[in-house]
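This report refers to the structure that appears directly beneath it.
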Ligand SMILES: Cc1cc2nc3c(=O)[nH]c(=O)nc-3n(C[C@H](O)[C@H](O)[C@H](O)COP(=O)(O)OP(=O)(O)OC[C@H]3O[C@@H](n4cnc5c(N)ncnc54)[C@H](O)[C@@H]3O)c2cc1C
């Protein structure tokens, strides 16, 4: 057995373990789906039956199979055969989020021996299906939509199921300090009046939203602005201004005087120019078995080797060869490196020779998201409720699940992780009273993506100047180093879809180098 065969053998045992644990996780999730559908008796039978059908579909797509013999029969393809005799990987992918696993799958299926190196002890990056309070929760990204072409194609390919969230039965919003309540349609009508002004002109600036620089000159006007500057141009009354600001804080997941206007305008263009679709693409449809089911489906479609808990410290290049240096002091050579880590974490990796001046400036600039996604187990009226309030530590708050005992799981989005501490339940209670009074906070949790050194932020919200100055340059390979990730996608940057788009592009580029 040569080094490559030994590596493949290790991968096989890794895949067997991963798929067994996935199957185990599914049993848990079925419990949760059962709990959720009990709220509506009519939905119970349908939900269970749908789940069984789904399980069969997934099994048919190979997700339950511990072993895929076709992988082992296939040898390396000629494109990389020149290095067959060397114990050198063709490709090293740094970062095991959606972009990294997609890139690793693509290069492996293209015949390149591939090693994926991930700093955390799990794959998935800024998506993380976790168990809390007897419920499967998504601490990071969770929602997907059929208007997101790359992720939807992968869902189809893997045979995964999705489910639709409930509409809020009661909605509340603020005009100054006055809290107003009504049906969600009334709130959305107020939001839409402001939204239509906010997005005016975007169809000319982003006529091909998956090619953001297509109308570069028209885009430049918006690209120079923060969201706050764009808001300052609009003619809004107090209620319209507060509702729109709360919506924008939840979308930007950061400060409005820091986030670029284009970061949000893009969602509108990508969502067919409608506020309703913009809201739906980012918050209605979830995976039946969590985001982890898609991460695993992609990762197990090709036999690349994976090393977890291995932070990378540096990437060096010499004579058409790269070396990846881990923090633990190991040096691993390869022909090509795909660096699929978040923009705000790229500064943690040293490059020698240094990346271009423009790339270094882009890394220095970073992206503006710094928000929180908080989960609150609350007791109160057992209805699906939604409350928004600008400037609040979790100013976009929604019921996600009403449990059979009448308590509920709320998910809140706030614009600054530093003003929201989920571990301080007394503070969470005070803040809950300010936005949706009448509920008791029983427990709360949040992952601090801002303090997390492997993300340093949440979803990509680019700062002014990003698109016209940095976007194209970040996609340009330098020698044998390719930067990838959702933060650099053309279309749904800041979403799982963008990560997959970027991973596909990086994989194809690596195979062509
Ligand atoms: C709270 C939150 C909510 C979100 N909601 C949604 C949503 O509803 N829908 C949606 O589509 N998207 C959502 N997103 C965004 C989405 O999760 C991300 O855009 C996408 O998952 C990013 O994928 P990626 O592979 O580009 O980056 P990541 O997932 O961040 O993967 C990068 C990987 O690189 C690793 N890494 C970093 N530094 C190093 C190093 N030095 N060495 C080795 N490895 C390293 C990281 O550990 C990570 O695993 C959300 C994100 C967050 C945080």
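Mind checking which residues of the range 453-489 are assigned to a loop (DSSP other than H, G, I, E, B), within 15 Å of the chain's Cα centre (by Cα) and crowded, with 20+ Cβ neighbours inside 10 Å?
Hits for the range 453-489 are 455, 456, 457, 458, 459, 460, 461, 484, 485, 489.
Yes/no matrix, rows are residues, columns are (1) assigned to a helix (DSSP H, G or I); (2) farther than 23 Å from residue 497 by Cα; (3) under 25 Å from the mean Cα position of the chain (by Cα):
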position: 217; (1), (2), (3): yes, yes, no
position: 231; (1), (2), (3): yes, yes, no
position: 239; (1), (2), (3): yes, yes, no
position: 242; (1), (2), (3): yes, yes, no
position: 248; (1), (2), (3): yes, no, yes
position: 251; (1), (2), (3): yes, no, yes
position: 255; (1), (2), (3): no, yes, yes
position: 266; (1), (2), (3): yes, no, yes
position: 277; (1), (2), (3): yes, no, yes
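Residue under question is residue 494, and the condition is that it be crowded, with 24+ Cβ neighbours inside 10 Å and either assigned to a strand (DSSP E or B) or within 12 Å of the ligand (Cβ to nearest atom) (or both); does it hold?
When the stated conditions are applied, residue 494 passes them.
Quick one: count up the residues across the range 404-428 that are assigned to a helix (DSSP H, G or I) and within 21 Å of residue 249 (Cα to Cα).
Residues meeting the conditions: 5.
Which residues, taken from the range 206-215, are without any contact (Cβ under 8 Å) to a residue 60 or more places away in the chain and either surrounded by 15 or more Cβ atoms within 10 Å (Cβ to Cβ) or not in a loop (DSSP other than H, G, I, E, B) (or both)?
Passing the criteria: only 215.
Filtering the range 318-327 down to residues that are away from the ligand (no atom under 12 Å from the Cβ) and either closer than 14 Å to residue 88 by Cα or not in a strand (DSSP E or B) (or both), which residue is farthest from the chain's Cα centre (by Cα)?
Checked the range 318-327; the qualifying residue farthest from the chain's Cα centre (by Cα) is 319.
Residue check, residue 90 against (1) within 30 Å of residue 348 (Cα to Cα); (2) within 15 Å of the ligand (Cβ to nearest atom), all met but one. Which one?
(2)
Suppose we keep only residues that are part of a loop (DSSP other than H, G, I, E, B) and more than 16 Å from the ligand (Cβ to nearest atom) within the range 328-385. Which one would you say is nearest to residue 248 (Cα to Cα)?
Looking at the filtered set, the residue picked out is 384.
Confirm whether residue 377 is closer than 25 Å to residue 455 by Cα and more than 20 Å from the chain's Cα centre (by Cα).
Against the criterion (closer than 25 Å to residue 455 by Cα and more than 20 Å from the chain's Cα centre (by Cα)), residue 377 does not qualify.
Collect the residues in the range 299-317 that are within 22 Å of the chain's Cα centre (by Cα) and within 11 Å of the ligand (Cβ to nearest atom), keeping them in residue-number order.
Passing the criteria: 307, 308, 309, 310, 311, 312.
Got a number for residues in the range 137-167 being under 27 Å from residue 422 (Cβ atoms), more than 10 Å from the ligand (Cβ to nearest atom) and crowded, with 19+ Cβ neighbours inside 10 Å?
Within the range 137-167, residues that are under 27 Å from residue 422 (Cβ atoms), more than 10 Å from the ligand (Cβ to nearest atom) and crowded, with 19+ Cβ neighbours inside 10 Å number 1.
Quick one: is residue 95 within 12 Å of the ligand (Cβ to nearest atom), in the same structural domain as residue 328 (by TED's automatic domain parsing) and modelled with pLDDT of 95 or more?
Criteria met by residue 95.
Just give me the residues in the range 171-188 being part of a strand (DSSP E or B) and buried (at least 17 other Cβ atoms within 10 Å of the Cβ), in sequence order.
Listed by number, the residues that qualify are 171, 172, 173, 174.
Pairs, please: C-beta under 6 Å, at least 6 apart or cross-chain, first residue more than 25 Å from residue 155 (Cβ to Cβ) and in the range 297-310, second more than 11 Å from the ligand (Cβ to nearest atom) and modelled with pLDDT under 95?
Sorted first by the residue in the range 297-310, then by its partner, the pairs are 305/7; 305/11.
Within the range 104-136, which residues are within 14 Å of the ligand (Cβ to nearest atom), part of a loop (DSSP other than H, G, I, E, B) and touching a helix residue (DSSP H, G or I) at 6+ places or on another chain (Cβ under 6 Å)?
Those that are within 14 Å of the ligand (Cβ to nearest atom), part of a loop (DSSP other than H, G, I, E, B) and touching a helix residue (DSSP H, G or I) at 6+ places or on another chain (Cβ under 6 Å): 123, 124, 127.
So which of 130, 70, 134, 84 ends up being more than 30 Å from residue 329 (Cα to Cα), modelled with pLDDT under 50 and surrounded by fewer than 20 Cβ atoms within 10 Å (Cβ to Cβ)?
Residue meeting the stated conditions: 70.
Mind checking whether some residue in the range 188-195 is within 16 Å of the ligand (Cβ to nearest atom) and not assigned by TED's automatic domain parsing to the domain that holds residue 498?
Scanning the range 188-195 turns up no residue that is within 16 Å of the ligand (Cβ to nearest atom) and not assigned by TED's automatic domain parsing to the domain that holds residue 498.
The values are calculated or read from the model by the stated rules, or taken from the named source; none is laboratory data. Since this is a predicted model, take the numbers as computed values, not measurements. Counting neighbours? That spans all protein chains shown, and the Cβs are built from the backbone with ideal geometry, glycine included.
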